[in-house]
Amino acid sequence: MRIIDRYIFREILSHALLGLAIFTFVIFVPQLVQIMNVVARGSGDSHQIALLFFSAFPRVLTFSVPIGVLVGVLIGLGRMSADSELIAMNAAGIGLKRLLIPVGLLAILATGVTLCMTVWLGPISIHTMRSLEDRLRSTQASFEIQPRIFNEQFPHLVLYVQDISAAALNWHGVFLAESDGGDVSRLTLAEDAIVAADRDQGKLQLFLRQGTVHESQTQGPEHYGLSAFGERDQSLSVGGSAATQTATLINTERPLRQLLSDKGPDATESHVEFQRRFAFPAACLVFALVALPVGSRPRRGGRAGGFVLAITLVCAYYIVFVFCAELARSGSLPIWLGIWTANILMAAAGIALFPSMDELSGESHLRERLVGLGRWLRQAKSARSNLTLDTRPPEEIARENFDEPKARSSRLRVVGSFPQVLDYYLLRNFIFYFILLLVGFIVLFEIFTFFDLLDDIAQHRATYLDVVNYFRYLSYYLTYQLAPLACLVSVLITLGIMTKNNELVAFKAAGISLYRVALPLLLAGGLMTVALVAFDETYLPYANRRAEELHSMIKGLPPQTYLEPQRRWIIGNNSKIYNYQVYDTDHRLFGGLAVFELDPQTFALNRRIYAARASWEPQQGAWILETGWIRDFQGGKVSRYAEFNVIELPEINEPPAYFTREVRQSSEMDWFELRTYIDRLRHSGFDVARLSVQLYKKLSFPLIAPVVILLAIPFSILVGSRGAVGGLALGVGLAVVYWATAALFEAMGGVGQLPPVMSAWSPDFIFLFCGLYFFLRMPT
């Protein structure tokens, strides 16, 4: 390669790698929460954690490598165009079409990398991650079990544990309700249990001690089995084995040969996946083709303008891709045309713009120079005509010079006022980059989420309106989550560009401290905190609830607000457990009600009550049980059995409102609702550590906006020579550190390793102390 080709290649490659790193980590950030949960619980060794970490990258790189090519060409050539280097090349006799050599080489290399990801590494990594998650699920199951909570993650059974040791290996008071799909139920109660995980089989082994096993039949209540044991082993299935997972590959895991030869009912999805694996690598070529004439066009803005163009083109490409792919799935377009339409349109746009490079490199530059020269001559002539001789008396001129310090001091006092032109200037740039980055990040997250849901959308025939509404409500949640990140990067870009252009030096020379420059940005961060808190207290819970309902619909799951979708379980007063098949809240009527009265010390079953129907009598303030039976137990035997037609039992004294409590997500409630909900669960004996962390995070998370702005101000001076792109790279890096720290502390608080207050507020205080340290040490 010639020297000029190597120079251009290095320029666009450096920006491409920077863009690749930025967008890779932006898309990868949600995976950090899962990885931090594994780290906090210690359920995986270092090899498994590293494998889980690296398995997530090939699928992300499938999206970020083409975007990196687009960013590298646009920003690299845009910088060279803004610095007139492309004009110098043209003056030296090198046509702009010469740029095809380094740009084409970068595009071919990126195409090969993306093709390797989609055809080879991507399916392997997705299969590896899914298998690893299944293996880790068995080791994490003991940590995910919370005391005094009914767990239904195990197939065909409900698990309740009265108390759990800190190491999660010793349980006290175990209640297991099993069902084989018929009317036979089996209850296993034990005073203690030792827990061990079987990673190979994907099971949880329980070594029960001092318990009983109860077997009953609803249709034949006179038949009842009861046996006591001193020690007993119980195996709980958590996930399938590796061999089972290998036999049930999903489309994203299947090799090309299987996708192409699929003739079954899912042949359309298989062929769509086949075409997509080649369309994404080809996007590297079409992105480079359209970025070459656009990036070499003379414009103001340099790197910042290139980033704006990159975000715009990426959004346009993926919107067209998603829309046409949906048409291909519905049969409105051939599969190959639906998947390749976005590439065809982007390539056609690049080919149409390519001839304009000759015009940009020739007469248009000369015409622009002549127009600028004429404008400069007119301004010089106008300035010369405005020069007049000062004919005032000498004493008047001296008086004006004598009063000049007073005028200067009054102007200096005006400098300290608020707001000023400087504040408007800073806030205008900050708001522009904030909106641009926030929209760009939201679009990237939603595009990645859409491709993650493609199989579910096709399998469960989700309507176009449901998908659109889901992403509309999801955008509100992403706005709340990504606003602090957009604040951080916006400040880094705004002050980074001002540092590069020596504007901050000019402010300091005019006597304006950097503390004064930072004032409007810190106030903007404070307003952002108020806005996020108000948003979380008003519309966001409703939007999250609608998004969860639509997500369940797309996944083919019935939207449920209760933890148990078919058989309800709830803890009552005085060590009672209620189980019911149906509960009509309007008529206050139970169907298939079972009540278990336990000994709080030994966790043995003292009494078991069953009623086919139970209704609330408001005048008596009691439940009326119909058509059932009662069994009393003592010493591991049935001491009394009685059937009834209608009966009222004083121990069943919970009112109807006690059974209508919803198990809602913390994101679907405002702060006051969540606090009331936590108090009610705590009073009922439920573990509320995880919900308490979420309660404190409703205040700690919005407060991170001014904290990250405080941290970004001194760091923006360090990246001043890199301008907008350097600020973007550093901002995303700091955001990844914050998100990883917050996810780790949240996971530790959820498993009880840290108090909820410390778990929620520690990341804010850590970044606040770091921000104050660097902020107070910067040269003002």
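The values are calculated or read from the model by the stated rules, or taken from the named source; none is laboratory data. If you're wondering where the values come from, they're calculated on a predicted model, not measured in any experiment. All Cβ positions, even for glycine, are placed from backbone atoms using ideal geometry, and neighbour counts span all protein chains on display. In case anyone asks, the SASA skips ligands and DNA or RNA and just uses the protein heavy atoms, side chains included. Shrake-Rupley method; radii C 1.70, N 1.55, O 1.52, S 1.80 Å.
T114 meets all of the listed conditions (1) open to solvent by 20 Å² or more (accessible area, probe 1.4 Å); (2) touching a residue at least 24 places away in the same chain (Cβ under 8 Å); (3) of a type in the set (S, T, N, Q) but one, namely (1). Considered as a group, the residues in the range 540-585 that are open to solvent by less than 20 Å² (accessible area, probe 1.4 Å) and part of a loop (DSSP other than H, G, I, E, B) include one that is modelled with the lowest pLDDT, and that residue is E564.
Among the residues of the range 646-657, are any hydrophobic (A, V, I, L, M, F, W, C) and part of a strand (DSSP E or B)?
Narrowing the range 646-657 to residues hydrophobic (A, V, I, L, M, F, W, C): 646-647, 649, 652, 657.
Now restrict to residues that are part of a strand (DSSP E or B): 646-647.
There is at least one residue in the range 646-657 that is hydrophobic (A, V, I, L, M, F, W, C) and part of a strand (DSSP E or B).
Within the bounds of the range 95-105, is there any residue that is within 25 Å of F321 (Cβ to Cβ), touching a residue at least 12 places away in the same chain (Cβ under 8 Å) and surrounded by 24 or more Cβ atoms within 10 Å (Cβ to Cβ)? Among the residues of the range 95-105, at least one is within 25 Å of F321 (Cβ to Cβ), touching a residue at least 12 places away in the same chain (Cβ under 8 Å) and surrounded by 24 or more Cβ atoms within 10 Å (Cβ to Cβ), which makes the answer yes. Within the range 699-713, not a single residue is modelled with pLDDT under 90, of a type in the set (V, I, T), surrounded by fewer than 21 Cβ atoms within 10 Å (Cβ to Cβ) and closer than 30 Å to M498 by Cβ.
Scanning for something at pLDDT 80 or above and of a type in the set (V, I, T), does the range 671-685 turn up at least one residue?
Step one: filter the range 671-685 for residues at pLDDT 80 or above, giving 671-676, 678-679.
Checking which are of a type in the set (V, I, T) leaves us with 676, 678.
The answer is yes, given that some residue of the range 671-685 is at pLDDT 80 or above and of a type in the set (V, I, T).
Does I67 satisfy being surrounded by 21 or more Cβ atoms within 10 Å (Cβ to Cβ), in contact with a Pro (Cβ under 8 Å, 6 or more places away or on another chain), part of a helix (DSSP H, G or I) and modelled with pLDDT of 80 or more? No. Checking the structure you have, find out if any residue of the range 237-246 is in a helix (DSSP H, G or I), of a type in the set (V, I, T) and either modelled with pLDDT of 85 or more or under 19 Å from D456 (Cβ atoms) (or both). There is no residue in the range 237-246 that is in a helix (DSSP H, G or I), of a type in the set (V, I, T) and either modelled with pLDDT of 85 or more or under 19 Å from D456 (Cβ atoms) (or both). Please go through the range 575-619 and give me each residue that is of a type in the set (A, V, I, L, M, F, W, C) and either touching a helix residue (DSSP H, G or I) at 6+ places or on another chain (Cβ under 7 Å) or at positive phi (or both), ordered by number. Selection gives F603, W616. Counting only residues that are farther than 17 Å from F767 by Cβ, at pLDDT below 75 and assigned to a helix (DSSP H, G or I), the range 728-751 holds 3 of them. Do we have G496 as in a helix (DSSP H, G or I) and touching a Lys or Arg at 6+ places or on another chain (Cβ under 9 Å) here? Answer is yes for this residue. Filter the range 112-152 for residues that are modelled with pLDDT of 80 or more and of a type in the set (S, T, N, Q) and give the result. Within the range 112-152, T114, T118, S125, T128 qualify.
Of all positions in the range 265-286, at least one carries a residue that is modelled with pLDDT of 85 or more, closer than 19 Å to L61 by Cβ, among the aromatic types (F, W, Y) and assigned to a helix (DSSP H, G or I). Within the option set A510, A518, A524, being over 14 Å from D423 (Cβ atoms) and among the small types (G, A, S) holds for one residue only, A510.
Matching residues to (1) without any contact (Cβ under 8 Å) to a residue 60 or more places away in the chain; (2) open to solvent by less than 50 Å² (accessible area, probe 1.4 Å); (3) more than 20 Å from the chain's Cα centre (by Cα):
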| site | (1), (2), (3) |
| --- | --- |
| I442 | yes, yes, no |
| L465 | yes, no, yes |
| L474 | no, yes, no |
| L492 | no, yes, yes |
| L504 | no, yes, yes |
